[in-house]
Each structure stands twice: as C-alpha cells, then as structure tokens.
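A.B. asks: Let me give you the structure first, and then I'll get to my questions.
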Amino acid sequence: MRHSLPRFSNCCLIVGLTIVLAPWSRANIPYFNGFEMPGSSNDFTDYLGNVGNEITRVPSGGGVLGYTAASGNYYAEINNVPGVYDASGSRGISVTTNFGGLITNHVGDFSESLDLYVDLTRWLPVTGGSDLVIATAVGGGESAGDFANFVFTVPTPGAVNISTLGLSPVFATIIESGWYRFSVSYTQGFLYTEDDLSVFNAQGALVGTTHTAGQNPIDATALLGNGPLVIGAWQNGFAGNVLAIDNVQTVDTPEPSSVGALCGLGLALTLRRTRRR
C-alpha cells in the first residue's frame with residue numbers, strides 16, 4: 001500500500017514535527033555522486049533542509065568509520081539526528097537528496113540506487129522494531145508519489161534482514177560485512193507504477209529482489225523523475241548513529257527491461273528488468 005509518507009512496523013508516524021525534506025523536486029537522470037568532488041555533499045540536506053548538514057565527505061580509510069570507499073578515493077559518512085522522527089523520540093532521521101537539479105519532465109522508466117556499507121560488528125539489534133529505513137519515491141509530488149522502501153531489521157547479531165514495508169516478508173538477508181548496492185527500478189505499468197527493489201553485493205551478485213506495485217492509478221502517471229531519497233526512520237543509537245554511503249545515482253532503464261546484474265559497485269548502474277503483469 002502506498003501512503004503520502006512511508007510507514008513502518010512498530011514505527012509511529014511523524015507527529016507534531018515538521019520535517020523539511022527539501023523541495024519534492026524531480027531530479028537529474030542520469031545522476032551520479034561518488035563524493036569524489038569537493039562540495040558533492042551539498043546535494044544532501046538534513047531534516048530541517050540545511051544543505052550539507054549531517055553528511056561528511058571523507059577519504060578512503062578515513063573518517064570515523066575508516067572504510068575503504070566502494071569506488072574511487074572518497075565516500076560519505078552520514079549521521080543520525082536521534083529523537084526527531086516521531087513523537088516517541090525513539091527514532092531519528094539523517095539526510096535527504098533530490099539527486100541534483102530540477103527537471104520538469106522525464107519520459108521512460110528509471111532506476112535509482114546507493115551503496116551502503118553494512119558493518120555487522122556495528123549493526124547490532126536495537127529494541128523497537130525496524131532499525132533503519134531508506135525511503136525512495138518517484139516524482140509527481142507527495143500526493144502522487146509512489147514510495148519504495150528498504151526496511152532493515154537486525155534480529156540477532158550477524159544477520160540483517162531487509163523487507164519493503166510494515167510486516168512484509170524478508171526478501172534479502174545479509175550475513176557478511178561490506179558494501180552493498182540498494183537499487184529501486186521504476187516502470188510505468190498499465191495502471192500502477194511497478195517497482196523492483198534489489199540488493200547486490202560488492203561483486204555485483206544479486207542478494208535478493210522483490211516486486212511491488214502501487215495501488216493508486218495516479219502512480220502510473222508519476223514517472224516524471226525522482227522524488228527524494230530519505231535515510232530515516234533510524235533507531236536512536238543504531239550503528240552508533242553513523243553510516244557510510246557511496247555512489248548515489250539514477251539512470252534511465254532501457255526498454256525492454258528485466259532484473260539483471262550490475263557490473264560492480266564502482267561502475268554505472270545497468271539494470272535489465274522483466275515487467276510483471
């Protein structure tokens with residue numbers, strides 16, 4: 001089911017809080033940000049809409065986490081702002097990106113993705129439901145947007161389960177630390193937007209994939225470009241309130257399309273997908 005804002009299991013909705021996610025603008029397609037250029041973090045805002053807050057461009061091997069970049073010589077560290085997501089104060093929110101500049105129209109299917117470092121030594125269970133959510137959306141504004149979400153839950157140390165929304169089934173489980181690519185491919189179906197959510201490891205191997213479809217017919221006309229990518233809700237303290245991201249991108253998805261393989265985390269995303277009917 002699609003909502004005006006994403007909802008998650010054991011999560012409260014945003015209550016009594018106005019979160020500025022920057023304008024719900026459509027984005028550049030294609031867009032790529034590997035954080036190699038100074039100022040690249042300025043394509044991100046914090047929950048109040050402040051440019052470049054809660055994100056730091058760091059050299060490979062540096063920063064708080066000291067990871068090797070997924071590709072190139074830099075990646076970005078992002079911070080949770082605990083307690084600002086919901087009325088309970090148990091969840092925070094991090095950064096939002098609109099993938100670059102504003103466009104008014106985009107014709108055709110497209111995909112968006114980012115690389116995220118899953119560190120099983122730091123990603124430990126936190127009470128209170130899902131531990132982290134990465135929410136994505138197509139364009140068309142909040143009312144018309146079609147949301148597709150990665151919901152991360154750590155049931156026991158050493159395993160990270162990934163679902164899409166609420167109590168939906170787990171479609172991928174990560175049991176090894178490293179960089180993973182989280183990709184959403186959007187297709188304009190006959191009535192609804194068709195979404196494929198996929199997880200790939202650093203070698204480009206598919207870890208898991210699932211298919212969802214919107215339930216509002218207006219979704220089928222909403223493929224005008226990207227809505228925002230939001231990192232949050234984020235359980236207070238999960239992963240020490242710091243995560244690493246790299247290679248944030250959007251690409252056109254050529255027709256015909258079917259879920260395919262990536263050429264590696266350092267290369268531009270290429271997805272071929274089969275449209276479900």
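The values are calculated or read from the model by the stated rules, or taken from the named source; none is laboratory data. These numbers come from a predicted model, not from an experiment. Reconstructed Cβ throughout: ideal geometry from the backbone, glycine too, with neighbour counts over all protein chains shown.
A.B. asks: Filter segment 93-125 down to the residues that are modelled with pLDDT under 85 and among the aliphatic types (A, V, I, L, M), then identify the one that is surrounded by the most Cβ atoms within 10 Å (Cβ to Cβ).
C.D. replies: Ile103
A.B. asks: Among the residues of segment 236-243, is any part of a strand (DSSP E or B), at pLDDT 95 or above and either touching a Leu at 6+ places or on another chain (Cβ under 6 Å) or among the acidic types (Asp, Glu) (or both)? Talk me through it step by step, then tell me what you get.
C.D. replies: In the first step, residues of segment 236-243 are kept if they are part of a strand (DSSP E or B); the result is 242-243.
Narrowing the set further to residues that are at pLDDT 95 or above leaves 242-243.
If we keep only those that are either touching a Leu at 6+ places or on another chain (Cβ under 6 Å) or among the acidic types (Asp, Glu) (or both) too, we end up with none.
Among the residues of segment 236-243, not one is part of a strand (DSSP E or B), at pLDDT 95 or above and either touching a Leu at 6+ places or on another chain (Cβ under 6 Å) or among the acidic types (Asp, Glu) (or both), which makes the answer no.
A.B. asks: Taking segment 37-53 as the region of interest, how many residues are in a loop (DSSP other than H, G, I, E, B) and crowded, with 16+ Cβ neighbours inside 10 Å?
C.D. replies: 4
A.B. asks: Can you tell me which residue is nearest to Ile55 (Cα to Cα) among those in segment 79-95 that are within 17 Å of the chain's Cα centre (by Cα) and small (Gly, Ala, Ser)?
C.D. replies: Residue satisfying both the conditions and the ranking: Ser94.
A.B. asks: With β-branched (Val, Ile, Thr), more than 19 Å from Ala135 (Cα to Cα) and out of contact with any Ser or Thr (no Cβ under 8 Å at 6 or more places or on another chain) as the only criterion, which of Val84, Val64 stands out?
C.D. replies: The unique qualifying residue is Val64.
A.B. asks: Follow-up. Name the residues in segment 154-168 that are under 15 Å from the mean Cα position of the chain (by Cα) and either of a type in the set (Ser, Thr, Tyr) or not in a strand (DSSP E or B) (or both), would you?
C.D. replies: Ser163, Thr164, Leu165
A.B. asks: Exactly one condition in (1) modelled with pLDDT of 95 or more; (2) part of a loop (DSSP other than H, G, I, E, B); (3) among the aromatic types (Phe, Trp, Tyr) is not met by Tyr75; state its number.
C.D. replies: Failed condition: (2).
A.B. asks: Tell me, which strands (runs of 3 or more DSSP E) wholly within segment 169-216 include 3 or more residues that are surrounded by 18 or more Cβ atoms within 10 Å (Cβ to Cβ) and at pLDDT 95 or above?
C.D. replies: Qualifying strands (runs of 3 or more DSSP E): 178-188, 193-200.
A.B. asks: Is it the case that Thr56 is surrounded by fewer than 18 Cβ atoms within 10 Å (Cβ to Cβ), touching a helix residue (DSSP H, G or I) at 6+ places or on another chain (Cβ under 8 Å) and modelled with pLDDT of 95 or more?
C.D. replies: When the stated conditions are applied, Thr56 passes them.
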